[in-house]
Amino acid sequence: MRPLIRHFASIPRADLLIGAAIIVIGTVEALTVAPAYGAADDPEIWWIGQALVTGVLLWYRRKHPVAVFILMILAQYAWHRQGNEGCQVWQFAALCIVFHTVGSHLPAKPGAAWALTGILIFDSGAVDHRVLPLDEVIFLTVSFGLAYVTGISLRGYLVRVHRMAERAALLEVERERRAAEAVAAERARIARELHDVVAHSVSVMVMQAGVLRRSLSRRNDQSEGHSGGHVAEVLAGIEQAGRDAVDELRVMLGALRMPQDEALPQPGLDMVGNLISTVGASGPRLSLAVEGEPVRLAPGLDLSAYRIVQEALTNAVKHAGPAEVRIRIAYQGDALELEVADDGRGAACELSTGNGLIGMRERAELFGGSLDAGPLPGGGFRVQARLPLARGVSMSEVAG
């Protein structure tokens, strides 16, 4: 049963419906008007048989156009051999469909040869066993000829559509190739500019900070004083931060020169500790609290969360002055909450219109989250972000 179902499923639905309609119409006529027109002893049997053969043949007209064409002519020959002089409308429509199929599914030369042969067979009266009058010959020639021409037109249209689809696919591939080349060229240009401008400037700053720190250290050793100790420590932090920036910039420049589909290692929330160590050398008191069970985040979300903490911490160090900065990372099952708060003088005016807050908010909204920033009632400033989480894998499961 299943092979039969699969077999019928492979037949186009339009052909199934056309064949079924021919069978139904032929059977209905066989049971109603066949005795009035049929010349055989049992015209109903011949009409039903003709309808069944015609309908089934139409099911396979696309797969075997030549075989169906020949069998349809033979079936019509057998119909007239039983004394049926007339051709019913459903039989004539089926013949036109078969001529159309010859034009649409065969190459031009063999299709034209088969169509011309079929028209000559019908016009000669070989199927009807009689000499056809001129008006009937003209009618059959025009009808079957038009059916064949419509098939040729359909075939030409389908060929043009196929060629246009192939051309569109090739053009799309070429467009993607050119776009990839343009992106690669732009990435290389950006890498060169970053190297020539930013990397050079940061390197000069690092060298100058190092020279000044060593000079202060020598003076401090000679005077045995402690006034320059804190300054030297701050300069050391600046120097280290600059070196880290240069290293990270080199990694990014290398990634820009790499193929676009290669992965670039990016920082995540697991690097917040290193960030605190680097920033803490500049003076502010920093504390980190992690709540909930950490889960493994998607790379893009992990990077955005790190950048939000990094930017909020940078703004706190820049504007809060001598203060304590508290960082809280809370895994709450369906959301990740990030909070950076200080108890300093705050910087609502500077931060509310700066690119830092805009960038943090855009990162949060990119993942369907939200970001709030503003002064605290008791003084200080707070940046709080909430990022939705999918069901993540806990770090304990990863460790296990």
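The values are calculated or read from the model by the stated rules, or taken from the named source; none is laboratory data. Just so we're clear, the structure is a prediction, and the values are computed from it rather than from any experiment. Neighbour counts run over all protein chains shown; Cβ positions are idealised from the backbone, glycine included. These area figures cover heavy atoms from the full protein model, side chains too; ligands, DNA and RNA do not enter into them. Shrake-Rupley method; radii C 1.70, N 1.55, O 1.52, S 1.80 Å.
I need the full set of residues from segment 264-297 which are modelled with pLDDT of 85 or more and open to solvent by 60 Å² or more (accessible area, probe 1.4 Å), in order please. 270, 271, 288, 290, 291, 293 - these are the residues of segment 264-297 that are modelled with pLDDT of 85 or more and open to solvent by 60 Å² or more (accessible area, probe 1.4 Å). For segment 125-138, a residue qualifies if it is touching a Leu at 6+ places or on another chain (Cβ under 9 Å) and either modelled with pLDDT of 90 or more or on the phi > 0 side of the Ramachandran plot (or both), and exactly one does: 125.
A quick yes/no check of all residues on (1) hydrophobic (A, V, I, L, M, F, W, C); (2) modelled with pLDDT of 85 or more; (3) in a loop (DSSP other than H, G, I, E, B):
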residue: 328; (1), (2), (3): no, yes, no
residue: 333; (1), (2), (3): no, no, yes
residue: 341; (1), (2), (3): yes, yes, no
residue: 360; (1), (2), (3): yes, yes, no
residue: 365; (1), (2), (3): no, yes, no
residue: 373; (1), (2), (3): yes, yes, no
residue: 385; (1), (2), (3): yes, yes, no
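Taking the criterion of being acidic (Asp, Glu) and open to solvent by less than 40 Å² (accessible area, probe 1.4 Å), the only residue of segment 298-320 that qualifies is 302.
If you check 111, 156, 151, 118, which single one turns out to be closer than 28 Å to residue 46 by Cα and either without any contact (Cβ under 8 Å) to a residue 60 or more places away in the chain or not in a helix (DSSP H, G or I) (or both)?
Step by step, each of 111, 156, 151, 118 is checked, and only 118 is closer than 28 Å to residue 46 by Cα and either without any contact (Cβ under 8 Å) to a residue 60 or more places away in the chain or not in a helix (DSSP H, G or I) (or both).
Here 81, 61 are screened, and the one residue that is in contact with a His (Cβ under 9 Å, 6 or more places away or on another chain) and buried (at least 21 other Cβ atoms within 10 Å of the Cβ) is 61. When each of 18, 70, 5 is tested for being in a helix (DSSP H, G or I), closer than 23 Å to residue 106 by Cα and either of a type in the set (D, E, K, R) or without any contact (Cβ under 8 Å) to a residue 12 or more places away in the chain (or both), the lone residue that passes is 70. Here 69, 99, 122 are screened, and the one residue that is open to solvent by less than 20 Å² (accessible area, probe 1.4 Å) and more than 30 Å from residue 8 (Cβ to Cβ) is 122.
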